[in-house]
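**Q** Here you go, one structure.
The values are calculated or read from the model by the stated rules, or taken from the named source; none is laboratory data. All values reported here derive from a predicted model rather than from experimental measurement. With ideal geometry, Cβ positions are generated from the backbone for all residues, glycine too; neighbour counts draw on all protein chains shown. Heavy atoms of the whole protein, side chains included, go into the accessibility calculation; ligands, DNA and RNA do not. Shrake-Rupley method; radii C 1.70, N 1.55, O 1.52, S 1.80 Å.
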Amino acid sequence: MAFDYDLFVIGGGSGGVRAARIAAADHGAKVALAEEYRMGGTCVIRGCVPKKLMVFASEFPGAVADAQAYGWDAQIGAFDWPRFRSALDAELARLEGIYRSNLEKAGVTIFNARATLADPHTVALGEGRSVTAKHILIATGGRPFVPAKWEEMGCLTSNEVFQLEQLPESILIVGGGYIASEFACILNGLGVKVTQFYRGAQILRGFDDEARGHIADQMQADGVDLHLGTDIVDMEPRDGGTWVKASTGHDASYDAVMFATGRAPNSDGLGLGDLGLELKRNGAIPVDDYSQTAIPSVFAVGDVTDRVNLTPVAIREGHAFADTVFGATPRAVDHSLIASAVFTQPELGTIGLSEEEARDREPIHVFCAAFRPMHSLFAGRNERVMMKLVVSQKTDRVLGCHIVGDHAGEMIQLAAVAIGMGATKADFDRTMAVHPTMAEELVTMRNPVRSS
Ligand code: NDP
C-alpha cells in the first residue's frame with residue numbers, strides 16, 4: 001500500500017522535531033509533522049529556555065550587591081517586567097523560527113494543526129483532511145497537572161507564568177519539585193514575595209537528602225518563605241487576590257497562586273483508545289526499548305511516554321527512533337546515569353545514586369565538602385557550596401556525584417563523562433586539581449565523612 005508519508009510526527013517539541021529531521025535529512029524519509037501550538041514545544045516555548053532566561057534575570061540583584069563589595073559604585077534600579085517579557089517573547093519567536101526553518105530545510109512538510117489518529121496509518125488533521133503514513137510518531141509531551149479540587153480556581157501554572165501582564169507582589173507556589181523550587185527562587189530574585197507550600201518533609205524528593213537540605217536552607221536564607229509539611233485546605237478569591245488556608249492552620253492572601261504539582265502526559269484526545277492502545281494510569285503511552293507501542297506502526301517519544309522527562313532524553317529518544325526505523329541501525333536509549341540540573345538558587349547538579357539510594361544497595365563511603373566559595377566569601381555573603389561523591393566500598397567506583405552551588409549544572413556535565421565511563425575514586429584522586437576553582441574539591445577530598 002502506498003502511503004502519503006513514510007513518517008508522520010505529531011508534536012513539534014524537542015523529541016518530535018529531532019525525529020523528523022533525522023528521518024528526513026539523514027535517512028531520506030518523506031516526513032510530515034503537525035504542531036497545534038508553537039514550534040519548539042515545552043522546552044523552547046514554556047519551559048527550559050524561558051525559565052533559564054528568567055533565572056539569569058533574577059540573579060542581577062545579587063550580582064550588583066557583589067559588584068559593590070568588589071569596589072564598584074553599582075546600584076540596581078527597578079525590574080521592568082514588561083520590557084524583559086517583550087525581549088523574552090522576541091527571543092522565543094527567533095528560536096521558534098529556527099526550529100521551523102530547520103524542519104523545512106530537512107524537507108519536512110509542516111501542518112499547523114491538531115492531529116489525531118484515525119487508524120494505525122491515518123492521521124486526521126481537522127476540517128475533514130487526513131493523510132496516511134507508514135509510521136506515526138507521537139511526541140506530544142506533557143502538560144501541567146493541577147489537583148482536581150483546585151482546577152476551577154484559575155491559578156497559574158508554568159504555562160502562564162511566562163506571559164503575565166505584570167509580576168504579582170506576592171505569590172504562593174504549591175509543590176516541592178523542580179518547577180516549584182526553581183520558580184520560588186526566580187520570583188524571589190525578581191522581588192516578588194514568595195511563599196512555597198510543600199506537602200512533604202523536604203523539597204526536591206528523590207534527590208540526595210544532604211543536597212536538598214542545603215538548597216532549602218539557602219532558599220530560606222535568601223527570603224523564600226518555605227512551609228514544609230503543608231498543603232492547601234481551602235482557597236477562595238478575595239479582594240482581587242486569593243485567600244488560602246493551609247493544613248497547618250496558617251491563612252493568608254496572595255496576589256497569585258501557582259501550582260507546580262507535577263506534569264501529566266499529553267495523550268488525551270489523540271484517538272489512542274479507539275485504536276485499542278491501552279495507556280498507563282497517568283495517561284503515559286507504554287513503549288518498548290525502541291519507543292514502539294503495542295500498535296507496530298505507532299511509536300512515541302518524550303514526556304508523553306513518561307520515562308525520564310527531560311529535554312535531552314526526548315531528543316535522544318527521537319534520534320534513536322529515526323535511526324532504528326529509517327536507518328536500519330536499531331538503537332535503544334540508555335536511561336541510566338542521566339545527569340541533570342535543578343536551577344534553584346543555589347543550583348543543583350546531580351548524577352547517579354543519592355547517598356540514601358546507594359546505601360540501600362551496598363556499603364559506601366561518602367566524601368563531602370561544604371565550604372564558602374571565594375567569589376561570594378569576598379563579597380561578604382554567607383553562601384556555601386556542597387560537593388559530594390558517593391563511592392562503592394567494594395569497587396571504589398563513584399556511584400553518585402551531587403554538587404550544590406553556582407554553575408553546578410556546568411560542572412556535573414563533565415563529571416558525568418567520567419562517571420559514565422566508570423571512574424573510581426582513585427581516578428578522581430589521580431586527576432590534578434584546577435586551581436583556584438570550586439570544582440577542584442571533587443578531586444581533593446581525601447577522607448570519607450561517613451562510611452556505611
Ligand atoms: P515534580 O514531579 O518534580 O514535582 C511535583 C511536586 O508537586 C512534588 O513536590 C509533589 O509532591 C507535588 N505534588 C504532586 N501532587 C500534589 C498535590 N495533589 N498536592 C500538593 N502537592 C502535590 O514535577 P514538576 O512539575 O516540578 O516538574 C515536572 C517534570 O519536569 C520534572 O519531573 C522534570 O523531569 C521536568 N523538569 C526538569 C527541569 C530541569 O531539568 N531543571 C526543570 C523543570 C521541569 P511529592 O514530592 O510529595 O510527590
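**Q** Compute the distance in nm between two label points, each set 7 Å from the Cα along the Cα-to-Cβ direction, one at ALA93 and one at HIS335.
**A** For ALA93 paired with HIS335, the spin-label model returns 3.9 nm.
**Q** Once you list every other residue whose beta carbon is under 13 Å from the beta carbon of TYR37, what net charge do they have if Lys and Arg are +1 and Asp and Glu are -1?
**A** Cβ neighbours under 13 Å give a net charge of +2.
**Q** Continuing with this model, one more query. Output the direction-averaged projected area (hull surface divided by four) of the convex hull of the alpha-carbon atoms of the stretch 183-270, in nm².
**A** Its average projected convex-hull area is 7.8 nm².
**Q** In the stretch 8-104, how does Rg compare with the Kirkwood Rh, expressed as the Rg/Rh ratio over alpha carbon atoms?
**A** Using only Cα positions, Rg/Rh for the stretch 8-104 is 1.20.
**Q** What is the sum of charges around ARG331, taking Lys and Arg as +1, Asp and Glu as -1, for the other residues whose C-beta is under 12 Å from the C-beta of ARG331?
**A** My count for the surroundings of ARG331 gives -3.
**Q** Here is a further query. With the crude spin-label approximation of a point 7 Å out along Cα→Cβ, what separation in nm comes out for VAL417 versus SER86?
**A** My value for the distance between the label points is 4.3 nm.
**Q** Looking only at the stretch 175-332, where both bridge partners belong to it, what percent of the DSSP beta bridges are antiparallel (to the nearest 5)?
**A** Percentage antiparallel, nearest 5: 75.
**Q** How big is the shadow of the Cα convex hull of the stretch 206-331, averaged over all directions, in nm²?
**A** 12.1 nm²
**Q** Further question on the same structure: Please list 55-68, 198-211, 147-160, 291-304 highest first by mean number of surrounding beta-carbon atoms within 10 Å per residue.
**A** Most protected by this proxy first, the peptides run 291-304, 198-211, 55-68, 147-160.
**Q** If amide hydrogens are placed 1.01 Å from N in the peptide plane, which non-local residues have theirs closer than 5 Å to the one on THR248?
**A** Amide H to amide H, under 5 Å and 5 or more residues apart or across chains, THR248 pairs with ASP231.
**Q** Can you pull a Stokes-Einstein diffusion coefficient for the chain at 20 °C (1.002 mPa s), Rh from Kirkwood over Cα pairs, as a whole number of µm²/s?
**A** Translational D for this selection: 90 µm²/s.
**Q** Next question. Modelled label-to-label distance, ALA221 and GLU169, 7 Å Cα→beta-carbon offset: nm?
**A** 3.0 nm
**Q** Let me ask something else about it. Give, as a single signed number, the net charge of other residues whose beta carbon lies under 15 Å from the beta carbon of MET153, with Lys and Arg counted +1 and Asp and Glu -1.
**A** -4
**Q** How much length is gained on full extension from ASP251 to GLU236, taking 0.36 nm per residue of separation minus their Cα-Cα distance?
**A** 4.3 nm
**Q** With a Förster radius of 41 Å, plug the Cβ-Cβ distance of ALA294 and ASN112 into 1/(1 + (r/R0)^6) and report the FRET value to the nearest 0.05.
**A** According to the calculation, E is roughly 0.85.
**Q** To the nearest 0.05, what FRET efficiency results for ALA69 and GLU36 with a Förster distance of 60 Å applied to their C-beta separation?
**A** Computed FRET efficiency for ALA69 and GLU36: 0.75.
**Q** Using a probe radius of 1.4 Å on heavy atoms only, what accessible surface per residue do you get for the chain? Whole Å² is fine.
**A** 47 Å²
**Q** Given the C-alpha centroids of the stretch 275-348 and the stretch 4-20, what is the distance between them in whole angstrom?
**A** Spelled out, the Cα-based centre of one part sits 13 Å from the other.
**Q** Related question: In the stretch 366-399, which residues have a backbone nitrogen under 20 Å from the label point lying 7 Å from HIS407's Cα in the Cα-to-Cβ direction?
**A** What the label zone holds, given the 20 Å backbone N cut-off, is 369-389.
**Q** Given a 1.4 angstrom probe, I'd like the percentage of the accessible area of the stretch 145-185 that is carbon and sulfur, rounded to a whole number.
**A** The value for the stretch 145-185 is 51 percent carbon and sulfur by accessible area.
**Q** Counting only protein heavy atoms and a 1.4 Å probe, tell me what percentage of the stretch 226-335's accessible area is made up of carbon and sulfur.
**A** Here carbon and sulfur together make up 46 percent of the probe-accessible area.
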